[in-house]
Amino acid sequence: MLSGDILGAALAILAALFLGSRIIVIRKATVEGNSSHAVMSSIWISVLFFLPAALFLHYPNFQITWTSLVSFVIAGLVGFSLGLAFYYEGTRKVGASRAVPITRGNMIVASVLAVIFLGEGVTGGHILGIVLLVLGVGLVNYEMEAGGGSNTLQSSRDLLFPIAAMLCFGLLAFFSKVGLGQGTPVTVGLSVSFVSALMGAGGMFMIRGKSPLAPFHTDQKYMYVAAAVFYSLSNICYYSALAVSRIVVTVPLRSISPLFVLALSYVFLRDLEDLTRLLVLGSVLVVSGAVMVGLFM
């Protein structure tokens with residue numbers, strides 16, 4: 001178990017690093033690019049990875065029930081389609097170093113839904129973690145409204161994008177948990193979710209008279225693909241960590257991605273983002289809260 005936990009910890013930290021790297025690339029790409037193109041390319045790359053993996057690993061027994069099918073479809077439409085759209089647009093408007101800590105509040109949403117609808121218990125550790133998350137997210141919001149992010153924040157309404165992403169990602173986590181609870185394999189569930197997201201986002205592109213392949217014909221196409229690859233690598237590392245180690249090891253360590261975002265923003269986004277003391281403190285509180293919630297899952 002010890003060797004498995006060490007490997008799981010290393011993979012979880014890599015997953016957090018890839019998550020942080022992804023959003024830094026997205027921030028760069030959307031300076032002149034379109035956030036909807038970033039969403040579409042991320043979904044495409046994820047489908048191209050997880051669908052063949054699911055077919056290879058589990059054909060012909062996919063272990064899908066009606067409950068898991070509906071759950072993963074909702075997760076894909078709400079989380080990977082709407083959620084990513086709000087997340088990437090929020091990153092473009094308020095900056096990576098601010099959008100990421102706010103969206104980590106998704107663990108609050110997922111925890112509340114799990115308690116209400118799945119009958120999961122609440123411990124003192126959960127409550128402390130949620131309090132820290134709320135304080136951290138609130139501090140980041142205050143820092144933005146006080147003018148700390150003057151280079152990127154155009155209006156307080158821009159806050160609605162990362163907050164909406166937080167809600168969508170909370171629903172994503174909840175419905176994914178419901179689907180996986182039916183015994184459906186991870187790669188199968190992710191395939192259903194990403195195919196659903198592809199249909200939803202692709203449908204919106206076509207309604208607007210655009211091709212779903214449009215992101216791959218833009219000047220930012222290489223950055224979009226790089227961000228999508230980072231996202232897929234993060235998922236690979238995270239679920240591999242879950243396979244070899246315990247949840248209480250992997251989930252908290254994956255939650256440190258906002259710290260990687262802060263460090264990477266300082267190195268690569270100095271011309272785009274202002275890193276203030278309040279922002280750093282808020283991010284540390286968010287990570288601490290996420291770790292606490294993860295430890296007591």
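Taking the square roots of 5 times each eigenvalue of the Cα gyration tensor of the chain, largest first, gives ellipsoid semi-axes of 27, 25, 18 Å. Three semi-axes describe the equivalent ellipsoid of region 90-131; taken as square roots of 5 times the Cα gyration tensor eigenvalues and ordered largest first, they are 27, 12, 4 Å. Excluding same-chain neighbours fewer than eight residues apart, the lysines reachable from Lys221 by a Cα-Cα span under 18 Å are Lys28, Lys210.
Karplus-derived 3J(HN,Hα) values for region 162-178, using 6.51 cos²θ - 1.76 cosθ + 1.60 with θ = phi - 60°, are x, 5, 5, 4, 4, 5, 5, 5, x, 5, 4, 4, 5, 5, 5, 5, 4 Hz; glycine and proline are entered as x. Does region 138-297 classify as rounded, prolate or oblate by the C-alpha gyration tensor (a ≥ b ≥ c root eigenvalues; a/c under 1.5 gives rounded; else a/b over b/c gives prolate, otherwise oblate)? It is oblate, given that a/c is not under 1.5 and a/b is not larger than b/c. Each of the trypsin sites (Lys or Arg not before Pro) that DSSP puts in a loop and that has at most 11 other Cβ atoms within 10 Å breaks the chain; the longest unbroken stretch is 1-207. With the simple spin-label model, which puts each label point 7 Å out from Cα in the Cβ direction, the Met199 to Phe117 separation comes to 1.9 nm. With helices as the sole contributors, the chain gives -25000 deg cm²/dmol at 222 nm; each DSSP H run of n ≥ 4 counts as -39500 (n - 2.57), and the sum is divided by every residue.
Diffusion of region 155-228 by Stokes-Einstein, at 4 °C in a medium of 1.567 mPa s and with Rh set to the Kirkwood radius over alpha-carbon pairs, works out to 87 µm²/s. Over region 20-156, the Kirkwood radius and the radius of gyration, each from Cα atoms, give a ratio Rg/Rh of 1.04. Taken as Cα centroids, region 65-85 and region 224-297 sit 22 Å apart, rounded to the nearest whole angstrom. Phi angles across region 53-67 convert, under the Karplus curve 6.51 cos²θ - 1.76 cosθ + 1.60 with θ = phi - 60°, into 3J(HN,Hα) values of 4, 5, 5, 5, 7, 10, 5, x, 9, 8, 6, 9, 10, 4, 5 Hz, Gly and Pro given as x. Applied to region 80-94, the Karplus parametrisation 6.51 cos²θ - 1.76 cosθ + 1.60 on θ = phi - 60° returns per-residue 3J(HN,Hα) values of 7, 9, 5, x, 5, 4, 5, 5, 5, 5, x, 5, 5, 7, 10 Hz, with x for Gly and Pro. Annotation: aspartates and glutamates with alpha-carbon distance below 20 angstrom to Lys177 (same-chain offsets under eight excluded): Glu120. Note on Phe268 and Tyr59: the model spin-label points, each 7 Å out from Cα along the C-beta direction, lie 3.5 nm apart.
Any read-out appearing in this document is the output of simple, stated calculations on the displayed coordinates, not a laboratory observation. Keep in mind the model is a prediction, meaning the values are calculated, not measured. Every residue, glycine as well, gets a Cβ built from its backbone with ideal geometry; the counts of neighbours run over all protein chains shown.
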